[in-house]
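The values are calculated or read from the model by the stated rules, or taken from the named source; none is laboratory data. For clarity, every value in this text was computed on a predicted model and none was experimentally measured. Note that we place each Cβ from the backbone using ideal geometry, even for glycine, and neighbour counts take in every protein chain shown.
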Amino acid sequence: MSLNNTPYLSTHPESSQYWFRRSVPKRLRASIGRHEIRFSLQTSALRDATQRCRMAANVVDKLFIEAEDQYESVKHALRGYKHYKTTSTTQRR
């Protein structure tokens with residue numbers, strides 16, 4: 001089993017512990033508040049780390065989906081606001 005088979009799995013440079021590391025997509029960084037999600041998997045055993053990393057990846061995927069939904073909702077609301085603002089401004093003239 002190698003690290004190449006499991007994305008987001010890395011070893012800490014100063015210990016033998018495995019870590020989960022994943023970049024946050026640029027468009028979601030403001031809503032999530034981070035550039036990267038990184039945390040210890042609390043193990044130095046590759047088999048345990050692989051299993052924990054896959055579970056963590058599923059949780060992070062769900063987080064990104066929720067953040068994406070919120071991002072799209074805000075974007076849609078802003079489009080509606082811009083349309084309302086330009087429509088109401090032209091009606092006043």
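Per-structure values
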read-out	value
Selection from the range 61-85 of residues that are in contact (Cβ under 8 Å) with a residue 40 or more places away in the chain and closer than 29 Å to PRO13 by Cβ	PHE64
From LEU46, LEU9, residue being among the hydrophobic types (A, V, I, L, M, F, W, C), in contact with a Cys (Cβ under 9 Å, 6 or more places away or on another chain) and surrounded by 12 or more Cβ atoms within 10 Å (Cβ to Cβ)	LEU9
Residue identified as of a type outside the set (Asp, Glu) and modelled with pLDDT of 95 or more among LYS75, LYS62, LYS85	LYS62
Subset of the range 29-42 (residues that are farther than 21 Å from ILE65 by Cβ and surrounded by fewer than 16 Cβ atoms within 10 Å (Cβ to Cβ))	SER40, GLN42
Count - residues of the range 60-71 that are exposed (fewer than 11 other Cβ atoms within 10 Å of the Cβ) and either over 9 Å from the mean Cα position of the chain (by Cα) or polar (S, T, N, Q) (or both)	1
Scan of the range 16-57 for residues that are among the polar types (S, T, N, Q), within 18 Å of ASN5 (Cα to Cα) and under 11 Å from the mean Cα position of the chain (by Cα), ordered by number	SER23
In the range 1-58, the residues that are part of a loop (DSSP other than H, G, I, E, B) and touching a His at 6+ places or on another chain (Cβ under 8 Å)	VAL24
The range 12-28 - residue that is among the basic types (Lys, Arg) and either modelled with pLDDT under 90 or out of contact with any strand residue (DSSP E or B) (no Cβ under 9 Å at 6 or more places or on another chain) (or both) and, of those, surrounded by the fewest Cβ atoms within 10 Å (Cβ to Cβ)	LYS26
Given (1) surrounded by 14 or more Cβ atoms within 10 Å (Cβ to Cβ); (2) charged (D, E, K, R); (3) in contact (Cβ under 8 Å) with a residue 40 or more places away in the chain, number of the condition ARG52 does not satisfy	(3)
